[in-house]
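**Student:** Let me give you the structure first, and then I'll get to my questions.
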Amino acid sequence: MKRSGAALRNRPEAGIVLITTLLLLTLLMAVGTSGLGLSRVDLFVSRNLLTATKALWIARAGSEVGKNWLETNLSGTPLPVTLGPAALEDGTYTATIASLGNGAYRLTTVGQGPEDSRRVVEEIVRLPDFVPAGVVMSDGDGLHPDFNDNGGGIGRRIPDFTVDGRNHTPDGVLSHLCPDVSPFSITQIPAQNDLTNAANTLKREIVTRANSFCQADGSNAAGLCAPGLSWVRGNNVVPRFTDGLCSVADPTCYLNLNFAAAALRATALPPLSNLPAVPEDRGPLGPVTGPLPFVRSLNTTEQTRLHTALDDIVKRIGELPEEKLLHIATSLTAGAHTYGEWNEPRVTKVDDDPGELDLSGSAVVNGVGILLIPRVVRLKNATLNWRGLVLIVEDGDLRVEDPEACGQILGAVVVRDDPTPDRKLDLDKVEWGGSCTPFTINYSCEAVTRSLTTLMKTVSWTEKFGL
């Protein structure tokens, strides 16, 4: 059969169309394969980014755990400390906490995420570098005490208030976690002289009272020889101490009366067989034996460190957002009031308004953290239990003006005094025989450190590579 001329003429064009179609299909297949490959790369990149991000946030979460550990375990735990590895979501974290000194701490946290992803972050946090050198620290012209309750009679009775420099746990029992401190520390020599002279006068007056009212057997016709005074008098024919002119070199001089002696708090006769139980086994002011003086004078370096720390504390309190602060704005004359708990210490500020603020009417005030007092607070027939740091600034004062004043400050007190030569932190009115144990100030490094964690601040945060 013969083919038509038209068919013969169209045969080459048909081949070209087929080839073109095949080339186009091949190109489309190549483009599709390439797109599929790129999609898989994007998927891998996205997945790696996701796992790396998870590892980073696991590390950051571990850093927060480390800060929480630091807040609750800072006192008494040697550093460095490593926490973990501990599981978190679909990974683990390991946090290492180290001290850098001067209140600074470094937290290095490794976050191990899914598919062996790993990130390392480093966070530096800082607390005010405050270390108490005394239970009561006077940064200024002084407390100007007289240790006189104006009770009348011959001499003076043994004070019922207590300033105890032995370290106590947050529960109030004795602890060797931190070294003991002096009852008082000062930054100015005149303040040291005021305290020392007032204490020596009190010693002489107590000896005078004991020698006037007590016999060698502890008896007294008028019933005015308390067991503590009986110990001061002594059971020999000649009194233990004399109250005339004398020097400390003379063992019988009243200057050698030890205010830390537990016998001053004897509950019955004979005194040495009826001492109070621990931790009440101390006199009104102590310890004052060995290397610890009654009043410790801070050297230049210590003063600079104290001033820097106090400036830092006041500044940070001023920078806190309002929701981080608690306030005592008016007198508390009844009921129970709580300002912070041990697991959540707070900064509480007595509002700086004109006039004085009273705690009275059997009110009970409990708190943990920092108590800032810029005005006069009068503790009357009320209970104040505070664990942490009490900071008295400007025109502030904490006056105990009633024998029924109860409770304790467990931590430390700093009086950052103004130049007015007025009496500060006067505890003379405290007296046994009321409805509670007389007001005390007991040292606790744990309570002070716990209060300072309310001002913990992050000063740097970096992601570390190659670690």
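**Student:** Is it the case, given these coordinates, that THR308 is of a type in the set (Val, Ile, Thr) and either buried (at least 19 other Cβ atoms within 10 Å of the Cβ) or part of a helix (DSSP H, G or I) (or both)?
**Tutor:** Criteria met by THR308.
**Student:** Right, something else. Which of the following residues is free of Cβ contacts under 8 Å to residues at least 24 places away in the same chain and assigned by TED's automatic domain parsing to the domain that holds VAL350: THR252, THR308, THR300? Give the steps one after another, and end with the answer.
**Tutor:** Details: THR252 fails: assigned by TED's automatic domain parsing to the domain that holds VAL350; THR308 fails: free of Cβ contacts under 8 Å to residues at least 24 places away in the same chain.
Answer to the check: THR300.
**Student:** Search segment 77-89 for residues that are closer than 12 Å to ALA61 by Cα and pair each with any residue that is among the polar types (S, T, N, Q) when their beta-carbon atoms are under 9 Å apart and the residues are at least 6 apart or on different chains.
**Tutor:** ALA86/THR92; ALA86/THR94
**Student:** Let me ask something else. Among the listed residues THR187, THR208, which satisfies the condition of being in contact with an Asp or Glu (Cβ under 8 Å, 6 or more places away or on another chain) and within 30 Å of GLU446 (Cα to Cα)? I'd like the intermediate steps shown before the answer.
**Tutor:** On the way: THR208 fails: within 30 Å of GLU446 (Cα to Cα).
That would be THR187, the only listed residue that is in contact with an Asp or Glu (Cβ under 8 Å, 6 or more places away or on another chain) and within 30 Å of GLU446 (Cα to Cα).
**Student:** Could you grab me the full set of residues in segment 404-426 that are β-branched (Val, Ile, Thr), part of a strand (DSSP E or B) and within 20 Å of THR187 (Cα to Cα)? Before you say what the answer is, go through the steps one by one.
**Tutor:** Within segment 404-426, the first condition is being β-branched (Val, Ile, Thr), and the residues that meet it are 409, 413-415, 420.
Next, from what is left, pick out any that are part of a strand (DSSP E or B): 409, 413-415.
VAL413, VAL414, VAL415, listed by residue number.
**Student:** In segment 104-118, is there at least one residue being of a type in the set (Gly, Ala, Ser), outside the structural domain of GLU446 (by TED's automatic domain parsing), under 30 Å from LEU389 (Cα atoms) and surrounded by fewer than 21 Cβ atoms within 10 Å (Cβ to Cβ)?
**Tutor:** From segment 104-118, those of a type in the set (Gly, Ala, Ser) are 104, 111, 113, 117; that's our starting set.
With outside the structural domain of GLU446 (by TED's automatic domain parsing) added as a condition, the list becomes 104, 111, 113, 117.
The next check asks that each one be under 30 Å from LEU389 (Cα atoms); those that pass are 104.
Filter again for surrounded by fewer than 21 Cβ atoms within 10 Å (Cβ to Cβ), leaving 104.
Checking segment 104-118: at least one residue is of a type in the set (Gly, Ala, Ser), outside the structural domain of GLU446 (by TED's automatic domain parsing), under 30 Å from LEU389 (Cα atoms) and surrounded by fewer than 21 Cβ atoms within 10 Å (Cβ to Cβ).
**Student:** Touching a His at 6+ places or on another chain (Cβ under 7 Å), surrounded by fewer than 24 Cβ atoms within 10 Å (Cβ to Cβ) and basic (Lys, Arg): does that describe ARG416? Show your work before the answer.
**Tutor:** Details: touching a His at 6+ places or on another chain (Cβ under 7 Å): no; surrounded by fewer than 24 Cβ atoms within 10 Å (Cβ to Cβ): yes; basic (Lys, Arg): yes.
For ARG416, the condition - touching a His at 6+ places or on another chain (Cβ under 7 Å), surrounded by fewer than 24 Cβ atoms within 10 Å (Cβ to Cβ) and basic (Lys, Arg) - is not met.
**Student:** Oh, and also: Suppose the filter is under 26 Å from ASN167 (Cβ atoms), free of Cβ contacts under 8 Å to residues at least 60 places away in the same chain and in contact with an Asp or Glu (Cβ under 7 Å, 6 or more places away or on another chain); does LEU292 pass it? Talk me through it step by step, then tell me what you get.
**Tutor:** Numbers: under 26 Å from ASN167 (Cβ atoms): yes; free of Cβ contacts under 8 Å to residues at least 60 places away in the same chain: no; in contact with an Asp or Glu (Cβ under 7 Å, 6 or more places away or on another chain): yes.
Judged against the criteria, LEU292 is not a match.
**Student:** Go through GLY165, GLY151, GLY134, GLY142 for me and flag whichever is free of Cβ contacts under 8 Å to residues at least 12 places away in the same chain and either surrounded by 22 or more Cβ atoms within 10 Å (Cβ to Cβ) or closer than 30 Å to ALA222 by Cα (or both).
**Tutor:** GLY151
**Student:** Would you tally the residues in segment 450-459 being part of a helix (DSSP H, G or I) and surrounded by fewer than 22 Cβ atoms within 10 Å (Cβ to Cβ)?
**Tutor:** 1
**Student:** Output the number of residues of segment 139-164 satisfying the condition of being under 21 Å from THR420 (Cα atoms) and in a loop (DSSP other than H, G, I, E, B).
**Tutor:** 9
**Student:** To continue, here is another question. Could you pull out the residue among SER219, SER175, SER182, SER138 that is over 28 Å from LEU306 (Cα atoms) and of a type in the set (Ser, Thr, Tyr)?
**Tutor:** Working: SER175 fails: over 28 Å from LEU306 (Cα atoms); SER182 fails: over 28 Å from LEU306 (Cα atoms); SER138 fails: over 28 Å from LEU306 (Cα atoms).
Exactly one of SER219, SER175, SER182, SER138 is over 28 Å from LEU306 (Cα atoms) and of a type in the set (Ser, Thr, Tyr), namely SER219.
**Student:** Of all the residues that make up segment 383-400, how many are surrounded by 19 or more Cβ atoms within 10 Å (Cβ to Cβ) and assigned to a loop (DSSP other than H, G, I, E, B)?
**Tutor:** Number satisfying all stated conditions: 1.
**Student:** Check THR201, THR196 and return the single one that is farther than 22 Å from ASP281 by Cβ and touching a residue at least 60 places away in the same chain (Cβ under 8 Å).
**Tutor:** THR196
**Student:** Moving on. Looking only at segment 407-442, how many residues end up being under 11 Å from TRP386 (Cα atoms) and among the aliphatic types (A, V, I, L, M)?
**Tutor:** Of the residues in that region, 5 qualify.
**Student:** Return the total of residues in segment 90-126 being closer than 14 Å to THR51 by Cα and of a type in the set (Gly, Ala, Ser).
**Tutor:** So the answer is 4.
**Student:** Restricting attention to segment 333-348, does a residue exist that is of a type in the set (Gly, Ala, Ser) and part of a helix (DSSP H, G or I)?
**Tutor:** Taking segment 333-348 first, the residues of a type in the set (Gly, Ala, Ser) are 334-336, 340.
Now restrict to residues that are part of a helix (DSSP H, G or I): none.
Scanning segment 333-348 turns up no residue that is of a type in the set (Gly, Ala, Ser) and part of a helix (DSSP H, G or I).
Each row is one residue, and each column tells you yes or no for (1) closer than 27 Å to ASP281 by Cα; (2) touching a strand residue (DSSP E or B) at 6+ places or on another chain (Cβ under 8 Å); (3) among the aliphatic types (A, V, I, L, M).
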{"position": "GLY134", "(1), (2), (3)": "yes, yes, no"}
{"position": "MET137", "(1), (2), (3)": "yes, yes, yes"}
{"position": "PHE147", "(1), (2), (3)": "yes, no, no"}
{"position": "ASN167", "(1), (2), (3)": "yes, yes, no"}
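**Student:** Specify which of the listed residues (THR289, THR301) is under 22 Å from SER185 (Cβ atoms), of a type in the set (Ser, Thr, Tyr), more than 25 Å from the chain's Cα centre (by Cα) and surrounded by fewer than 14 Cβ atoms within 10 Å (Cβ to Cβ).
**Tutor:** That would be THR289, the only listed residue that is under 22 Å from SER185 (Cβ atoms), of a type in the set (Ser, Thr, Tyr), more than 25 Å from the chain's Cα centre (by Cα) and surrounded by fewer than 14 Cβ atoms within 10 Å (Cβ to Cβ).
**Student:** Would you check if PRO270 is within 31 Å of the chain's Cα centre (by Cα), surrounded by fewer than 19 Cβ atoms within 10 Å (Cβ to Cβ) and of a type outside the set (D, E, K, R)? So that I can check it myself, show each step before the final result.
**Tutor:** On the way: within 31 Å of the chain's Cα centre (by Cα): no; surrounded by fewer than 19 Cβ atoms within 10 Å (Cβ to Cβ): yes; of a type outside the set (D, E, K, R): yes.
Taking the combined requirement at face value, the residue does not satisfy it.
The values are calculated or read from the model by the stated rules, or taken from the named source; none is laboratory data. Note that the structure is predicted; figures quoted are calculated from it, not measured. Note that we place each Cβ from the backbone using ideal geometry, even for glycine, and neighbour counts take in every protein chain shown.
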